[in-house]
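The numbers here are math on the coordinates, done by the rules we state, and not lab data. Keep in mind that what you see is a predicted model, and the values were worked out from it rather than measured. Cβ atoms come from the backbone with ideal geometry, glycine included; neighbour counts cover every protein chain shown.
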Amino acid sequence: MDHSTGGARQLASSAYLVAFTLICIPLFDASMSLVPFHLGTPQWRFGAVGLLSNALMIPAIGVLIAVTTAVTLGHERMQRVLTIASWIVAVMLIIGLGAFALDALQTRAAVQPAMQLSFRVASLTAAAKLLLGAITFVAFARGSRVIKRKLPPITAPQTPLLRRERVSVTHG
């Protein structure tokens, strides 16, 4: 084991802890600012998805740290967990984007004419964040998957002590 890998292995638990913290705390904070939940109201869902889309970048950095650590150190179980979790998040973001678009259409009618431009900008910004988030998590899923490399067959080394050489003898 070389020194760089040994140092990285010593930091793995710290890296995973930082990743977990960066993922969970911003999502918890954002979701607590949405209490009380009004899932049946399109305006509330529109605002909630917009707020959660703002909180997406820091958890993405946490996932990046976790993926980098797992891939660098060959933690296959963690790579599998991150691959599955990243695909789930990517699908949820795409579904969230579709639901957000429908809620935006329903909410648009209630927006005052003077606020229509701000509403459109906010809608497009949140939609772009959701789409970029989905693309990012697909990249995480693809980057964290475990790849089994085919190694060339191992052949026994030829050492000078064991090698047979032909000796030609000339009779003269």
> What nm value, rounded to one decimal, do you get for the distance between ALA128 and HIS38 when each label is placed 7 Å out toward the C-beta?
Replying inline: 2.9
>> Along its three principal axes, how long is the stretch 3-144 when you only count alpha carbons? Whole Å, largest extent first please.
In response: 64, 26, 24
> In whole Hz, what ³J(HN,Hα) sequence does the stretch 137-142 give by Karplus (6.51, -1.76, 1.60; θ = phi - 60°), x for Gly and Pro?
Replying inline: 6, 5, 4, 4, 4, 5
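Within a Cβ distance under 15 Å of GLY50, other residues only, what is the Lys/Arg minus Asp/Glu net charge? Mind showing how you got there, number by number?
Working: positive: ARG45, ARG108, ARG120, LYS129; negative: ASP103.
With Lys, Arg at +1 and Asp, Glu at -1, the net is +3.
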> Taking the Cβ of ALA70 as the center, what net charge do the other residues with Cβ under 11 Å away carry, scoring Lys and Arg +1 and Asp and Glu -1?
Replying inline: +2
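Count the net charge of all other residues whose Cβ sits under 14 Å from the Cβ of THR107, scoring Lys and Arg as +1 and Asp and Glu as -1. Don't jump to the answer; show the numbers that get you there.
Details: positive: ARG45, ARG108, ARG120; negative: ASP103.
Summing Lys/Arg as +1 and Asp/Glu as -1 gives +2.
Sort 65-71, 75-81, 106-112 by the packing proxy (mean of other Cβ within 10 Å over each peptide's residues), most packed first. Walk me through the numbers before you get to the answer.
On the way: 65-71: 21.0, 75-81: 15.7, 106-112: 12.9.
In decreasing order of mean packing, 65-71, 75-81, 106-112 become 65-71, 75-81, 106-112.
Working out 0.36 nm times the residue gap between ILE88 and CYS24, then minus their Cα-Cα distance, what length gain in nm do you get to one decimal? Write down the numbers at each step before the final one.
Working: separation 64, 0.36 × 64 = 23.04 nm, distance 1.60 nm.
Net length gain for the segment: 21.4 nm.
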